[in-house]
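Take a look at the structure below.
The values are calculated or read from the model by the stated rules, or taken from the named source; none is laboratory data. Keep in mind that what you see is a predicted model, and the values were worked out from it rather than measured. Heads up, the Cβs are rebuilt from the backbone with ideal geometry, glycines too, and the neighbour counts pull from every protein chain shown. Surface areas here come from the heavy atoms of the whole protein model, side chains and all, with no ligands, DNA or RNA. Shrake-Rupley method; radii C 1.70, N 1.55, O 1.52, S 1.80 Å.
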Amino acid sequence: MDNGKQKNKKLTTASGRPYVENENTMTIGPRGPILLQDYILHEKMAHFNRERIPERVVHAKGTGAFGTFEVTNDITKYTRAKLFSKVGNKCRVFVRFSTVGGEKGSADSERDPRGFAVKLYTEDGNWDLVGNNTPVFFVKDPKKFGDFIHTQKREPETNLKSPTMMWDFWSLNPESLHQVMILMSDRGTPFSYRNMNGYGSHTYSMINKKNEKIWVKFHFKTVQGIKNFTGPNAKEMRGIDPDHAQRDLVDAIKNKDFPKWALKIQVMTDEQAKNFRFNPFDLTKIWPHTDFPLIDVGTMELNELPANYFAEVEQSAFAPAHIVDGISYSPDKMLQGRLLSYPDAHRYRLGVNYEQIPVNKCPFAVNNYQRDGHMRVDGNSGSNPNYWPNSFDDIYTDESYKESPMNLDSTVADWYNRNAPGEDDHYTQAGWLFNKAMNEQDRKNLIANIIDAMSGITGPKRDLIINRQLCHFFRADEKLGIGVAQGLGVDLNSIMNELKAAPQHA
Ligand code: NDP
């Protein structure tokens, strides 16, 4: 109703009382004190004081756009999701890109993974694919998440970013190595949000009409091509334009140069999952393309800028828990942890009714008995019943959406053994990245970026941390280890002794 375009142009208070004066407060005499009854002054100041909502703890700096997703290939043999029922089906999307560790005002070209969160508004509900520009992550268990993020934030005493904290944590968590190497490569400083891929990262599942389930990974491949800053160029851009990635997206869409991504999937049967040499639900691992080739699915285009940044980007809320029929979860521990933590974060940051905010609201039918709560502004379902079952409405639960039950290999409740077979190899895939995926220039830049980042380690534990991390690089690839050790001026003999003595696992 009130979209700022109503005919009455009078300046008013929030309750609709016309202003008679907007620049001068009411005083006793021309030089006397201000009167308490100048309510308009109070309202202006009080609202201004409350303009900020809690910043996201992670992914605080971001930008977003609306667009369209179109299905280009038939994947109905894998999924019964309505969206994929026919080639040519389309839906609206909202995408938010972000950095991870920095605050809301931090620079876009920081070395960091980039968030790549996609909300697809489908007839069966909103489907959120909340991923990053990397196919893996630093930790494979959600219990480690908060500790890891603390190392990316500010040091408690000095309030400074601390390479010592970061490398201390990584060197004590060999499972981080794969993602650390992607982060330290030039992919850690993408040229723009348009020039990077997005990955669902987790293993999800798809269920078809016959209720058959397969495991799936999602990849959004940039049609613009991968383009990165080198380490020095990224540092330079921080000074030239800290908002360069936001500006790049806004300019591209304003100029109708709409960015596109091709959505592809990798699929794995349960049988293959049982025989795969890595745990397929481990977020620190990829599924090799040669064994699990990419299958075309569709195209996503971003073509509409939000009309208001706060309303639509700052208040947007994504959750991997938001799936649709035909797409489901997996036992990926990090995914399971995020199913809880994302909606929990939104309830804290935006309130329990965050899914009624227009950008988050499902544009199709939503029926339930959730009522009241802070900022319930949608009429609260009026006089409809607020309990179920009842004799007054015809809302029902639809059993046709039921998934087949999940078979478990074990019924033993125990702590996860991170040194078990399939779990304990932190080095092979990191080695593949260095040897198979990277070219000579990528490798050179990776080593230079690592040396630059590790040079910031200070304090009494400096040598311990450096040596421990060097052991991981050596185990991934000897050339990598030697390159970094030489760059840091470390005696190679001492590392070789350390390598022989130290256990590989953690
Ligand atoms: P492939 O040769 O089949 O795949 C290599 C993939 O690596 C490429 O398709 C590309 O993924 C990605 N890649 C290429 N250059 C770089 C780079 N400089 N930095 C980071 N990633 C790069 O081999 P595998 O599938 O067996 O994977 C080998 C290694 O490649 C993995 O250990 C992993 O670190 C890395 N990788 C693999 C991905 C995958 O999904 N298989 C995705 C990203 C990285 P893309 O086309 O998605 O950009």
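What the table shows:
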| read-out | value |
| --- | --- |
| Options 415, 388; residue that is under 30 Å from residue 269 (Cα atoms), out of contact with any Leu (no Cβ under 7 Å at 6 or more places or on another chain), away from the ligand (no atom under 16 Å from the Cβ) and open to solvent by 90 Å² or more (accessible area, probe 1.4 Å) | 415 |
| Tabulated pairs, segment 424-436, first of a type in the set (Ser, Thr, Tyr) and more than 6 Å from the ligand (Cβ to nearest atom), second open to solvent by 10 Å² or more (accessible area, probe 1.4 Å) and assigned to a helix (DSSP H, G or I), C-beta under 6 angstrom, 6+ apart or interchain | 427/475; 427/476 |
| Among (1) open to solvent by less than 50 Å² (accessible area, probe 1.4 Å); (2) in contact (Cβ under 8 Å) with a residue 60 or more places away in the chain - the single one residue 248 does not satisfy | (2) |
| Residue match in segment 246-261 (condition: within 13 Å of the ligand (Cβ to nearest atom) and either assigned to a loop (DSSP other than H, G, I, E, B) or in the same structural domain as residue 95 (by TED's automatic domain parsing) (or both)) | yes |
| Odd one out for residue 343 among (1) surrounded by fewer than 16 Cβ atoms within 10 Å (Cβ to Cβ); (2) under 26 Å from residue 215 (Cα atoms); (3) not basic (Lys, Arg) | (1) |
| Considering residues of segment 32-86 that are small (Gly, Ala, Ser) and touching a residue at least 24 places away in the same chain (Cβ under 8 Å) only, the residue nearest to residue 364 (Cα to Cα) | 81 |
| Filter result for the condition that a residue is in the same structural domain as residue 341 (by TED's automatic domain parsing) and open to solvent by 20 Å² or more (accessible area, probe 1.4 Å), over 124, 112 | 124 |
| Residues of segment 293-317 that turn out to be over 24 Å from residue 254 (Cα atoms), assigned to a loop (DSSP other than H, G, I, E, B) and open to solvent by less than 10 Å² (accessible area, probe 1.4 Å), as a count | 1 |
| Count of residues meeting criterion [more than 16 Å from the ligand (Cβ to nearest atom), not in a strand (DSSP E or B) and not hydrophobic (A, V, I, L, M, F, W, C)] in segment 148-183 | 15 |
| Enumeration of residues in segment 184-201 that are outside any helix (DSSP H, G or I), more than 10 Å from the ligand (Cβ to nearest atom) and open to solvent by less than 10 Å² (accessible area, probe 1.4 Å) | 189, 190, 192, 200 |
| Residue tally, condition at pLDDT below 95 and small (Gly, Ala, Ser), over segment 397-443 | 6 |
| Search result, residues across segment 275-308 that are in contact (Cβ under 8 Å) with a residue 40 or more places away in the chain and away from the ligand (no atom under 14 Å from the Cβ) | 279, 281, 297, 298, 299, 300, 301, 302, 303, 304, 305, 306 |
| Test for residue 111: is it free of Cβ contacts under 8 Å to residues at least 40 places away in the same chain and part of a loop (DSSP other than H, G, I, E, B) | no |
| Filter result for residue 181 (open to solvent by less than 10 Å² (accessible area, probe 1.4 Å) and over 18 Å from residue 200 (Cα atoms)) | yes |
